[in-house]
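Participant: Structure provided below as structure tokens; questions to follow.
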Amino acid sequence: MRNLKQGFSLVELMIVVAIIGILAAIAIPNFVAMQYKAKRSEAPGNIDGIKTTQMAYEAAYDAYVDCAVAPASLALDAGDKTAKPWVTTTGFTTVGWKPDGDVRGAYYVLPISGATPSFEAVGAINVDGDAAPALYLATHSLNAKITTVDSNY
């Protein structure tokens, strides 16, 4: 009556190892992509904040402020995964905007003169270290929108 197996066969163990390997091959790239998206997610919020402060400044002073690239230590095309302390420029100080904490992206604002003055707020963030940053753009009439392909991190 007690004719029970005493463990698993080698074939059964190899099948389990193969299944775990297949699941890992699927899950790990998706996990890395989600990490990049999470790190990149600071940019739309910061760009919308910059847009709001530019519009408030324009309502008070009838002008948009030119804001140089900040923080200047982050080049717009350099891939750097680490967050850097915010070092503000005169333009961002003038409109009264700064992020909460450190940033992974570089931000700037260009006023556009013409019949109806406007501005372009741009954020570049590159958390995967390649040569293609994700670029976000907001204008007077457009909320933050990614302008590069979604696979650029």
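Since every read-out is calculated from the coordinates, none of them should be taken as a lab result. Quick caveat, the model's predicted, so the values are computed rather than measured. When we count neighbours, we look across all protein chains shown, and the Cβ atoms used for this are built from the backbone with ideal geometry, even at glycine.
Participant: When the helices in the chain are scored as -39500 (n - 2.57) per DSSP H run of 4 or longer and the sum is shared across all residues, what 222 nm value do you end up with, to the nearest 500 deg cm²/dmol?
Facilitator: -12500 deg cm²/dmol
Participant: Quickly rank 142-148, 28-34 as a protection proxy: mean count of other C-beta atoms within 10 Å, highest first.
Facilitator: With the highest mean Cβ count within 10 Å placed first, the list reads 142-148, 28-34.
Participant: In degrees, nearest 10, range 0 to 90: what is the angle between the Cα axis of helix 10-40 and the longest Cα principal axis of the chain?
Facilitator: Taking Cα atoms only, the helix is inclined about 10 degrees.
Participant: Estimate the FRET efficiency between Ala59 and Ala27 by the formula 1/(1 + (r/R0)^6), using the beta-carbon distance for r and 35 Å for R0, to the nearest 0.05.
Facilitator: With R0 = 35 Å, the Cβ-Cβ based efficiency is 0.10.
Participant: Any chance you could get the radius of gyration and Dmax over the Cα atoms of the chain, in Å?
Facilitator: According to the Cα coordinates of the chain, Rg and Dmax are 23.9, 95 Å.
Participant: Hey, another quick one. Under a plain spin-label model, where a point goes 7 Å from the Cα along Cα-to-Cβ, how far apart in nm are Val17 and Asp102?
Facilitator: 4.0 nm
Participant: Sticking with this one: Setting aside same-chain residues fewer than 8 positions from Lys39, which lysines have a Cα under 23 Å from its Cα?
Facilitator: Lys51, Lys81, Lys84, Lys98, Lys145
Participant: Next up: Non-local amide H neighbours of Phe119 (under 5 Å, H modeled in plane, Pro and chain starts lacking H): which ones?
Facilitator: Here the answer is Ile112, His140, since their amide H atoms fall under 5 Å of that of Phe119.
Participant: What whole-number distance in Å separates the alpha-carbon centres of the range 110-131 and the range 33-59?
Facilitator: 11 Å
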